[in-house]
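One structure is given here, and the rest of the page talks about it.
The values are calculated or read from the model by the stated rules, or taken from the named source; none is laboratory data. Just so you know, these numbers come straight off a predicted model, no measurement behind them. Every residue, glycine as well, gets a Cβ built from its backbone with ideal geometry; the counts of neighbours run over all protein chains shown. Keep in mind that these areas ignore ligands, DNA and RNA; they rest on the heavy atoms of the full protein, side chains included. Shrake-Rupley method; radii C 1.70, N 1.55, O 1.52, S 1.80 Å.
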Amino acid sequence: MQTTEFIWFDGKLVPWKEAQVHVLTHALHYGSAVFEGIRAYKCADGTSAVFRLQEHAQRLINSGKILRLEIPYTAEQIADGIIETLKANKLAEGYIRPLSFVGLGEMGVYPGNNPVNTIIAVWSWGAYLGPEALEQGIRAKTSSFARMHVNTHMSKAKSAGNYVNSILAKIEAKEEGYDEAVMLDTSGFVSEASGENIFMVRNGIIKTTPLTSVLGGITRESVIQVARDLGFTVEEQLFTRDELYIADEAFFTGTAAELTPIREVDRRQIGAGHAGPVTKQLQQAFFEVVKGKNPKYASWLSHYTF
Ligand code: PPE
């Protein structure tokens, strides 16, 4: 990965190499950590902007609340720390990873009075699913691993532990020659991917899975709003894998993956086998919004310069 100079560690900027923890850190053993993934983009006016900074900072705090992990910062302080870290690293465009984790203290599942540490790292990160994914679309496979039941792991928390399930699905998909895994919920309905929400388009209607078993994706929510503003009907409804097979178009959304077309699922070509017209229109609209080219969504951007 591409490194940068500083990492924000409990309120102080420290050199990248010095941002280290002890091997008996609670989170390393038990997954007791919550995190965010956020992107900053270079804007048309020469500044940079973080996309939906407040919403991401608030989701970090909410994830902590769900896990009973007390983050000793407010959402505003996290947001300020993010801007400070971007500026210190002179990063005009890239990915932002805040993480709060249960630190060193007692061992054992019970986190007790162990400290909660928080870091913010930033780095350059290109297209998540490969350089051609955004244009050509990717190939997905229905995972043999179900997404977590709503009463096991808490899907609304972006917690480190939840990603064991994602890792299992992603390794399986990659080793079988696919780019990404489509995961079903424990009732068999399409849920989300290892690190993205999923949308399908059929007969002009856009559908995405309801929030039941999935992470409340901020990209998902943004794309729903942009699509509705463009006049599309967007339904939040459960659908099955065979409905996905006969979709005209399908795509993933996520901070890392942005808006990535899906061209194949389980060896069934989706639509024409490349990004369809609705996907292309939404992808273009999305990139205009994040790059500050659409004043209608100016409130979604937190600008900074250095
Ligand atoms: N579902 C999952 C399981 C998920 O991990 C993400 C983001 C989303 C949906 C979309 O959420 P949002 O980014 O708010 O639109 N996945 C992050 C982690 C990727 C990684 O490999 O790390 C991301 O996209 O930043």
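Across region 1-118, the mean sequence separation of Cα contacts (distance under 8 Å, 6 or more residues apart), normalised by length, yields a relative contact order of 34 percent. Taking a straight Cα-Cα cut-off under 17 Å and skipping sequence neighbours fewer than 8 places away in the same chain, the lysines within cross-link reach of Lys12 are Lys87, Lys90.
Expressed per residue, the C-alpha convex hull volume of region 1-55 stands at 145 Å³. Note on Asp45: accessible area is roughly 100 Å² with a 1.4 Å probe, heavy atoms of protein only. Mind running the shape call on region 112-184? Use the C-alpha gyration tensor, a ≥ b ≥ c as the square roots of the eigenvalues: rounded below 1.5 for a/c, prolate if a/b tops b/c, oblate otherwise. It is oblate, given that a/c is not under 1.5 and a/b is not larger than b/c. The lysines within cross-link reach of Lys174, meaning a Cα-to-Cα straight distance under 30 Å and a gap of 8 or more places when in the same chain, are Lys141, Lys156, Lys158, Lys207, Lys280.
Residue-wise HN-Hα couplings along region 95-111, as the Karplus relation 6.51 cos²θ - 1.76 cosθ + 1.60 with θ = phi - 60° gives them from phi, are 10, 10, 10, x, 8, 10, 9, 6, x, 7, x, 7, 8, x, 4, 5, x Hz; Gly and Pro carry x. Given a 1.4 Å probe and the protein chains as shown, Thr25 ends up with an accessible area of around 10 Å².
As a size descriptor, the averaged projected area of the C-alpha convex hull of region 156-306 was calculated at 10.1 nm². Pair-distance distribution P(r) for region 36-128, from all Cα-Cα distances in 5 Å bins starting at 0: 3, 13, 23, 20, 16, 11, 7, 4, 1, 1, 0 percent. Nearest 500 deg cm²/dmol is fine: what mean residue ellipticity at 222 nm does the chain get from its DSSP H runs of n ≥ 4 alone, each adding -39,500 (n - 2.57), divided by its residue count? Helices in the chain give a 222 nm mean residue ellipticity of -8000 deg cm²/dmol. A viscosity of 1.306 mPa s and a temperature of 10 °C, combined with the Kirkwood radius over Cα pairs in Stokes-Einstein, give a translational diffusion coefficient for region 249-290 of 150 µm²/s.
Mean separation of Cα pairs under 8 Å and 6 or more residues apart, divided by the residue count, gives the chain a relative contact order of 20 percent. Between the residues Gly137, Pro111, Gly161, the greatest Cα displacement towards the positive end of the dipole of region 67-162, with unit charges on the Cβ of Lys, Arg, Asp and Glu, is found for Gly137. According to the Cα-based calculation, Rg over Rh for region 205-278 is 0.94, with Rh computed by the Kirkwood formula.
Using a 1.4 angstrom probe on heavy atoms only, work out the carbon and sulfur share of the accessible area of region 64-198 in %. Ligands and nucleic acids excluded, carbon and sulfur give 54 percent.
In this structure the amide hydrogen of Val14, modeled in the peptide plane, comes within under 5 Å of the amide hydrogens of Ile7, Trp8, Phe9, none closer than 5 places in sequence on its chain. For region 31-186, just say rounded, prolate or oblate: build the C-alpha gyration tensor, square-root its eigenvalues into a ≥ b ≥ c, call rounded for a/c under 1.5, and beyond that prolate if a/b exceeds b/c, oblate if not. In terms of gyration-tensor shape, oblate.
Normalised by residue count, the chain yields a Cα convex hull volume of 127 Å³ per residue.
Taken one residue at a time, the phi angles of region 8-23 give Karplus couplings (6.51, -1.76, 1.60, θ = phi - 60°) of 7, 10, 6, x, 10, 7, 10, x, 2, 5, 8, 7, 10, 10, 6, 5 Hz. Gly and Pro are set to x.
Accessible surface comparison of Lys170, Lys87, Lys293, probe 1.4 Å, protein chains only, largest first: the order is Lys293, Lys87, Lys170.
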